[in-house]
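Since the structure comes first, as structure tokens, the remarks are kept for the end.
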Amino acid sequence: MNRASVRDQIRCNSMLLPILLAAMISLSGCVNGKPVPGAPAVIVTSPEPAKAVDAPLRNNIPPVESGSENLPAGAREKTRDAAHAQVPSITAVSADGHAVNLKFPTPATLAYKDETIAEDTTWSGRVSIEGALTIAPQATVTISPGTVIAFRRTAGAENAAVLLVQGRIVAQGTSDQPIRFTGGAGDARSSSWQGIVFLASEKKNILEQCLVDGAETGIDAAYSTLTVKNIRFSGCRTGLRAQDCLLYMRECVASKCDLGISLYDCEVEITGGSLASNRMGIYAKRSSLLLSGAELTGSDLEALSVEESTVKIVGNTFVQNGRGIALSSCEGLVSGNRIVKNRDYGISLAGSRVKITANDISQNGKVGIRVGDGKAIAWSNIIALNGQYDLYNAGPENFKAVGNWWGEGKAPDSKGKVYDRAVNPRIGNVWYFPALRRKPAISP
């Protein structure tokens with residue numbers, strides 16, 4: 001190439017350079033790092049949002065949680081549906097450098113005030129209930145693990161907040177993410193909210209791995225069907241109350257309540273779990289009750305008090321209560337229980353046709369077994385080392401307590417400490433002979 005051609009090529013390049021630079025500025029939207037007005041937005045794709053837009057994102061798109069309590073119902077529904085959507089991998093950057101069209105990945109807060117849920121709904125995150133929230137008969141509310149449902153009384157209102165279930169609840173938490181029902185702002189004081197009320201809901205309600213605290217009545221069910229598993233009631237006036245219900249309880253706990261469980265005209269199976277440090281553990285009337293494998297400890301009054309019911313009380317522990325078991329006008333079976341170290345009596349029977357067998361009834365403060373008539377029968381039990389009397393007959397009829405073990409060193413023709421006609425001629429005898437020669441094995 002000759003020298004003239006080289007000069008022409010240099011002149012051409014110098015003319016093209018400003019044109020190319022202007023085109024690049026137009027495409028980038030920036031000059032010296034500053035946006036050019038009217039320039040198009042640039043789409044940046046990456047597995048994660050770009051760090052450069054973190055600050056504008058936080059400043060211009062606040063968490064959904066912060067103001068959703070004041071949203072109207074329709075907006076709450078949209079917020080709930082979007083709460084757990086996948087965060088997109090595409091970040092849009094506008095010409096002024098701010099992120100747009102990006103969903104903020106913060107769980108939503110649902111807030112209800114005197115409303116009715118009329119269609120199937122899922123709860124997660126934090127749910128606030130003020131006043132009365134009703135689940136209509138056709139609706140099912142499904143509650144995700146880890147959800148917190150907080151109840152609060154409306155300012156100046158006479159009635160506490162309540163959840164009324166005429167439809168169905170499916171609340172299944174996990175051991176590490178339980179579902180919690182509580183008073184507002186985590187207030188666990190007794191009676192800070194009314195409770196969860198089931199009314200004529202026969203649709204197999206399920207509550208599992210839940211915490212219920214600070215309610216007037218944690219669960220109050222009437223004419224309903226419930227399965228509750230691994231539920232912990234704490235600091236309630238009554239943990240669970242059921243009337244005319246079909247109720248299945250598995251491994252539930254009630255503690256520091258005035259009354260742990262109250263049952264009227266129900267069919268109930270309670271398996272496992274514990275009732276500890278309540279004023280009274282369980283009260284049942286006109287019910288069919290199966291109680292097995294549970295621990296009832298530390299009740300100020302009775303651990304278990306039952307009237308006019310059919311009972312099967314097997315394999316439980318009644319320890320260090322005011323009184324152990326009180327049965328009035330009942331029938332059924334009491335077997336394989338440890339009824340020990342209660343302050344007053346182990347078992348009290350009045351007008352009850354029950355079989356008392358294979359129990360350890362020992363070391364109770366005053367009386368092992370107290371009877372008011374001869375309708376029941378006791379055999380193959382350990383009845384020993386009770387404070388005043390091992391067996392106290394308070395009625396005019398004879399009581400059969402044959403084939404029991406009355407303690408170490410007792411001959412087959414001897415009895416334990418018994419209050420009967422030998423002490424008071426106006427009452428009946430206790431028939432104890434023959435007694436067991438060896439201490440029976442009792443295995444709850």
Legend entry - Subset of region 332-356 [more than 17 Å from residue 379 (Cβ to Cβ) and either not polar (S, T, N, Q) or not assigned by TED's automatic domain parsing to the domain that holds residue 299 (or both)]: 338, 340, 341, 343, 344, 345, 350, 351
Inset, instruction - Collect the residues in region 257-281 that are among the small types (Gly, Ala, Ser) and part of a strand (DSSP E or B), keeping them in residue-number order. - result: 260, 262, 274, 276, 281
Inset, instruction - Would you be able to say whether some residue in region 154-165 is part of a strand (DSSP E or B), closer than 21 Å to residue 238 by Cα and not β-branched (Val, Ile, Thr)? - result: yes
Inset, instruction - Spot the failing condition for residue 203; the list is (1) in contact (Cβ under 8 Å) with a residue 60 or more places away in the chain; (2) closer than 24 Å to residue 292 by Cβ, and only one is missed. - result: (2)
Inset, instruction - Return yes when residue 240 is in a strand (DSSP E or B), over 14 Å from the mean Cα position of the chain (by Cα) and without any contact (Cβ under 8 Å) to a residue 40 or more places away in the chain and no when it is not. - result: no
Inset, instruction - Looking only at region 340-358, decide whether some residue is modelled with pLDDT of 95 or more, among the aromatic types (Phe, Trp, Tyr) and buried (at least 18 other Cβ atoms within 10 Å of the Cβ). - result: yes
Inset, instruction - Mind listing just one residue for me: the one in region 299-310 that is under 25 Å from the mean Cα position of the chain (by Cα) and crowded, with 19+ Cβ neighbours inside 10 Å and, of those, nearest to residue 366 (Cα to Cα)? - result: 302
Inset, instruction - Sort through 435, 422 and tell me the only one that's surrounded by 15 or more Cβ atoms within 10 Å (Cβ to Cβ) and small (Gly, Ala, Ser). - result: 435
Inset, instruction - Looking only at region 137-160, count how many residues are loosely packed, with under 14 Cβ neighbours inside 10 Å and either in contact with a helix residue (DSSP H, G or I) (Cβ under 6 Å, 6 or more places away or on another chain) or aliphatic (A, V, I, L, M) (or both). - result: 2
Legend entry - Residue list for region 243-284, restricted to those being among the basic types (Lys, Arg) and surrounded by fewer than 17 Cβ atoms within 10 Å (Cβ to Cβ): 250, 279
Inset, instruction - State all residues of region 379-428 that are among the β-branched types (Val, Ile, Thr) and assigned to a loop (DSSP other than H, G, I, E, B); if no residue qualifies, say none. - result: 402, 423, 427
Inset, instruction - Check off (1) more than 44 Å from the chain's Cα centre (by Cα); (2) crowded, with 22+ Cβ neighbours inside 10 Å for residue 429 and give me the number that stays unchecked. - result: (2)
Legend entry - Criterion (closer than 19 Å to residue 418 by Cβ and small (Gly, Ala, Ser)) met by exactly one of 336, 351, 365, 332: 365
Legend entry - Count - residues of region 198-232 that are among the hydrophobic types (A, V, I, L, M, F, W, C), within 17 Å of residue 266 (Cβ to Cβ) and assigned to a strand (DSSP E or B): 9
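The values are calculated or read from the model by the stated rules, or taken from the named source; none is laboratory data. Everything numeric in this text was worked out from a predicted model, so none of it was measured. Positions of Cβ are backbone-derived with ideal geometry, glycine not excepted, and every protein chain shown enters the neighbour counts.
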